[in-house]
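Working notes for the structure below.
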Number of protein chains: 2
Amino acid sequence: MKQFDYGKVKEQLKEALDKKRYDHSIRTMRTCIELSKALGCDVEKAKIAGLLHDCAKGLEEKYLLMGYGLSDIISTDLIDSYKALVHSPLGAQVAQREYGVEEEDILNAITYHTTGREGMTLLEKIVFVADAIEPGRMYEDIDKIREIAFVDLDKAVIEVMNANIRHCLQTKRLVHPLTVISRNHYIKKERFKGETI
Amino acid sequence: MKQFDYGKVKEQLKEALDKKRYDHSIRTMRTCIELSKALGCDVEKAKIAGLLHDCAKGLEEKYLLMGYGLSDIISTDLIDSYKALVHSPLGAQVAQREYGVEEEDILNAITYHTTGREGMTLLEKIVFVADAIEPGRMYEDIDKIREIAFVDLDKAVIEVMNANIRHCLQTKRLVHPLTVISRNHYIKKERFKGETI
């Protein structure tokens, strides 16, 4: 992995994002570091993914107009339906082209940080959970999720997905099918774990 | 539609189901009648669909062993994952072959009474909602759903889907992708309605 100039990247990110999102990015990065140390993930990669996971948030229109494409999660005709998800696959492309991230595993962690997916890597799970439990977040059950994240990351992944789905139900948002497909995958994995004990 | 012998069908259903499920079927049938009268649906069809919607419930193994197939909602390898849904597509086949129902729209209402689907017919929506609001049901928000069902059935469909998904989250059950795809369809429809007012 090539040397990553945190000072420069942070400056660039601070310039691009509004203050609230930038602060959230820094806190997510820190939680990524903590989780990586506890769970044996590559700290450097988790740090970069955590810092840049929201690099396209609030800037969707700008980056779409600049010609950044989408992905198989959000096709063009679905942008309006899933406004809150567009920044994730878009963010991976922005991280690559505007912030110089080359590692596919970091880019995937950014792509799937909102929906999750089946069979996530440790890095993907850490970014997914860190985004939801960083110290600035407040919602029902968050303390329980913060606790289990360091003990049983898969369980924390399910709990974060539950919280995300509940939020969509409350706010009348669409639920992306990939979110329930991912949750189903981890529910089945948990059941299987239970059976082998 | 050929003459339907309610006396005979009720006897047969009473014999097949346990008392709790049979009573629920009768209540669902009555709610189907009320909703149909209020909303201009074919009362006879709704009555039959309501009465027979759970005709395979608790009898999944028996009917699978008897060679009744499944459908595109639940393929054989998914039976274990979606135990609570199997009775719906299976029930349509049982209704046809064991109870003599020939009308495709009634059979579809039985097939989709648990997951829903995009673009449901009035009959399908009535059975879907009646099953969830019949007088024996008790859960959060049910009184609100009972009220709106007679005024805005699509909204009631969304609320029932929300309640179903919440129940899956609470009980660690899998959420069938078709449930969120159907909910997304009706959420989008509601949004569109809002725009045209």
Within the range B:188-197, of all residues that are more than 10 Å from chain A (Cβ to nearest Cβ), of a type outside the set (Asp, Glu) and in a helix (DSSP H, G or I), the one surrounded by the most Cβ atoms within 10 Å (Cβ to Cβ) is B:LYS189
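Being free of Cβ contacts under 8 Å to residues at least 12 places away in the same chain and not hydroxyl-bearing (Ser, Thr, Tyr) is the filter here; which residues of the range B:167-192 pass it?
Applying the first criterion (free of Cβ contacts under 8 Å to residues at least 12 places away in the same chain) to the range B:167-192 yields B:168-172, B:175, B:177, B:184, B:188, B:191-192.
The answer is B:CYS168, B:LEU169, B:GLN170, B:LYS172, B:VAL175, B:PRO177, B:ASN184, B:LYS188, B:ARG191, B:PHE192.
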Listing of helices (runs of 4 or more DSSP H) fully contained in the range A:78-187 that carry 2 or more residues being charged (D, E, K, R) and away from every other protein chain (no Cβ under 12 Å) | A:104-111, A:122-133, A:142-149
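Could we say that B:LEU35 is modelled with pLDDT of 95 or more and either of a type in the set (Ser, Thr, Tyr) or under 15 Å from B:LEU107 (Cβ atoms) (or both) here? Step through it out loud before you land on a result.
On the way: modelled with pLDDT of 95 or more: yes; either of a type in the set (Ser, Thr, Tyr) or under 15 Å from B:LEU107 (Cβ atoms) (or both): no.
It is false that B:LEU35 is modelled with pLDDT of 95 or more and either of a type in the set (Ser, Thr, Tyr) or under 15 Å from B:LEU107 (Cβ atoms) (or both).
If you take just the helices (runs of 4 or more DSSP H) that sit entirely in the range B:2-66, which of them hold at least 3 residues that are in contact with a helix residue (DSSP H, G or I) (Cβ under 8 Å, 6 or more places away or on another chain) and either in contact (Cβ under 8 Å) with a residue 40 or more places away in the chain or surrounded by fewer than 16 Cβ atoms within 10 Å (Cβ to Cβ) (or both)? It would help to see each step written out before you state the result.
Working: elements: B:6-16, B:19-39, B:43-52, B:60-65.
Counting at least 3 such residues, we get B:6-16, B:19-39, B:43-52.
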Could you look through the range B:67-89, keep only residues that are free of Cβ contacts under 8 Å to residues at least 24 places away in the same chain and hydrophobic (A, V, I, L, M, F, W, C), and pick out the one that is farthest from B:TYR6 (Cα to Cα)?
-> B:LEU78
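Taking the range B:150-163, which residues are in contact with a helix residue (DSSP H, G or I) (Cβ under 6 Å, 6 or more places away or on another chain), hydrophobic (A, V, I, L, M, F, W, C) and closer than 21 Å to B:VAL180 by Cβ? Break it down into steps so the answer makes sense when it comes.
Going through the range B:150-163, the residues in contact with a helix residue (DSSP H, G or I) (Cβ under 6 Å, 6 or more places away or on another chain) turn out to be B:150, B:153-162.
Restricting the remaining residues to those that are hydrophobic (A, V, I, L, M, F, W, C) gives B:150, B:153, B:156-158, B:160-161.
Within the range B:150-163, B:LEU153, B:ALA156, B:VAL157, B:ILE158, B:VAL160, B:MET161 qualify.
The values are calculated or read from the model by the stated rules, or taken from the named source; none is laboratory data. Remember, predicted model here, so these are calculated numbers, not experimental data. Ideal geometry is used to build each Cβ from the backbone, glycine not excepted, and the neighbour counts take in all protein chains shown.
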